[in-house]
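The structure appears right after this line, and notes come after that.
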Amino acid sequence: MEEKQTQARRKIIHIDMDAFYASVEQRDNPELRGKPLVVGGLPEGRGGVVATASYEARKFGIHSAMSSKRALQLCPHAIFVRPRFAAYKEASQHIREIFSRYTDLIEPLSLDEAYLDVTQDKLNIGSAIDIAKEIKQAIKEELNLTASAGVSVNKFVAKIASDMQKPDGLTFIGPSSIENFIENLPVEKFYGVGKVTAQKMKKLGLFTGADLKQLSLEQITGHFGKAGAFYYNIVRGIDEREVQPHRETKSMGAEDTFAYDLTTVEEMNAELEKIAKLVNERLLKYQLKGRTLTLKIKYSDFRQITRSQSHPDCFDDMQTIIHTAKNLLLTTDVENSRIRLLGITVSNFNIVEIKPLGISAQLRLF
């Protein structure tokens, strides 16, 4: 009981930007405002994938992860633009600065969403609802963008709440309302429950949180493994996860889906060099060095494989990354393949400790 009371005193805000990439594009280009806008791969050639869509485009059924060709079929007059990640990152950094005015307990999930623990806020405002209102207003005034907020006593409920009144919404779900709220929540709305798990639940006659609540811990873990224990607690309003301001980076990489299938080794190697350059730049930026490199290959029939190689020394220059990736490519049936995607990821990191006066960097394991 004491642990549950402690949890009830926690004040969590989940901020989720509204159609973030599309909103930045519409903000920066007045000609795009009020029009169905799709940010992502262009539909020409084989077509790419939708990263996000404006609310005008969503009315036609367009959503993220949909193929650009399908999006064009749903809305023939949609406008397609490629992502400008530098602009999105700049906006995200400004938003993070706004968050930091209220708390240092910030857990970013991506460029456009984050958890904030404002149990003890810097400005002594006290009310999480008032803090969420101020954050939303600051984002609107300083960036000309809108955000939706969910406020509750734990991360699970706050995240679901932020999606309930989009765009530009604010939803508060207090301690006394949580269990009833989750009992009435469809299982597909549970954060972390994907399509496959939702289908499995429905086949078992589990359609809402109330249905899940009828299962014993043994039953629910029998069906869903370790995740079952999480569901067992969540349907009872229990989520003790803390906001984690320092999330460990476990891997870093880049990948590209091509407009047309690659059919020759020369084409594949050329693309690998471009991807390796991006990976190397990101590793340098975050001062990371990894011992394991993984090559990802997706074929024209959507079959996907990975090949990995670990080194006793770290991958610390672009040529080593390129050479390793090309060698891994040759371990596959590359001569008779049509490839639609290639990716390179480096993992198994060390931290680089920068020494003063030009002394060579020393490595320390996590």
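The values are calculated or read from the model by the stated rules, or taken from the named source; none is laboratory data. Given the structure is predicted, the values throughout are model-derived calculations rather than measurements. Neighbour counts run over all protein chains shown; Cβ positions are idealised from the backbone, glycine included.
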*Please go through segment 9-35 and pick out each residue that is part of a loop (DSSP other than H, G, I, E, B) and either basic (Lys, Arg) or touching a helix residue (DSSP H, G or I) at 6+ places or on another chain (Cβ under 8 Å) (or both).*
Arg9, Arg10, Lys11, Asp18, Ala19, Arg33, Gly34, Lys35
*asked:* Scan segment 294-308 and tell me whether some residue there is of a type in the set (A, V, I, L, M), touching a residue at least 24 places away in the same chain (Cβ under 8 Å), in contact with a strand residue (DSSP E or B) (Cβ under 6 Å, 6 or more places away or on another chain) and surrounded by 15 or more Cβ atoms within 10 Å (Cβ to Cβ).
replied: yes
_It is to be established whether one or more residues within segment 162-178 are buried (at least 20 other Cβ atoms within 10 Å of the Cβ), touching a residue at least 40 places away in the same chain (Cβ under 8 Å), small (Gly, Ala, Ser) and closer than 29 Å to Lys213 by Cα._
yes
*Can you tell me which residue within segment 183-222, out of those that are in contact with a Gly (Cβ under 6 Å, 6 or more places away or on another chain) and under 23 Å from Ser162 (Cα atoms), is surrounded by the most Cβ atoms within 10 Å (Cβ to Cβ)?*
Leu185
*Candidate set: segment 87-145, residues that are among the small types (Gly, Ala, Ser), surrounded by fewer than 18 Cβ atoms within 10 Å (Cβ to Cβ) and farther than 20 Å from Ile160 by Cα; chosen: the one farthest from the chain's Cα centre (by Cα)*: Gly126
*Leading residue by the ranking (nearest to Val279 (Cα to Cα)) among those in segment 322-333 that are buried (at least 18 other Cβ atoms within 10 Å of the Cβ) and not hydroxyl-bearing (Ser, Thr, Tyr)*: Ile322
*Can you name the residue in segment 194-224 that is within 24 Å of the chain's Cα centre (by Cα) and free of Cβ contacts under 8 Å to residues at least 12 places away in the same chain and is also nearest to Glu179 (Cα to Cα) among such residues?*
Ala198
*Could you please let me know if Ala78 is under 19 Å from Lys166 (Cα atoms) and at pLDDT 95 or above?*
no
*From the set of residues in segment 257-277 that are modelled with pLDDT of 90 or more and in contact with a strand residue (DSSP E or B) (Cβ under 7 Å, 6 or more places away or on another chain), which is surrounded by the fewest Cβ atoms within 10 Å (Cβ to Cβ)?*
Glu271
*Taking the condition surrounded by fewer than 17 Cβ atoms within 10 Å (Cβ to Cβ), on the phi > 0 side of the Ramachandran plot and outside the structural domain of Arg9 (by TED's automatic domain parsing), does Gly225 pass?*
yes
*Does segment 198-248 hold any residues that are in contact with a Phe, Trp or Tyr (Cβ under 7 Å, 6 or more places away or on another chain) and among the β-branched types (Val, Ile, Thr), and which are they?*
Ile220, Ile234, Val243
_Qualifying residue in segment 197-209 (condition: hydroxyl-bearing (Ser, Thr, Tyr), modelled with pLDDT of 90 or more and outside the structural domain of Gly150 (by TED's automatic domain parsing))_ = yes
*When you scan segment 49-66, how many residues do you find that are touching a strand residue (DSSP E or B) at 6+ places or on another chain (Cβ under 6 Å) and over 19 Å from Ser110 (Cβ atoms)?*
2
*Residue by residue through segment 27-38, note down the ones that are in contact with a strand residue (DSSP E or B) (Cβ under 8 Å, 6 or more places away or on another chain) and either surrounded by fewer than 24 Cβ atoms within 10 Å (Cβ to Cβ) or modelled with pLDDT under 95 (or both).*
Leu32, Lys35, Pro36
*Would you mind stating whether Tyr260 is among the hydroxyl-bearing types (Ser, Thr, Tyr) and either closer than 23 Å to Arg303 by Cα or touching a helix residue (DSSP H, G or I) at 6+ places or on another chain (Cβ under 9 Å) (or both)?*
yes
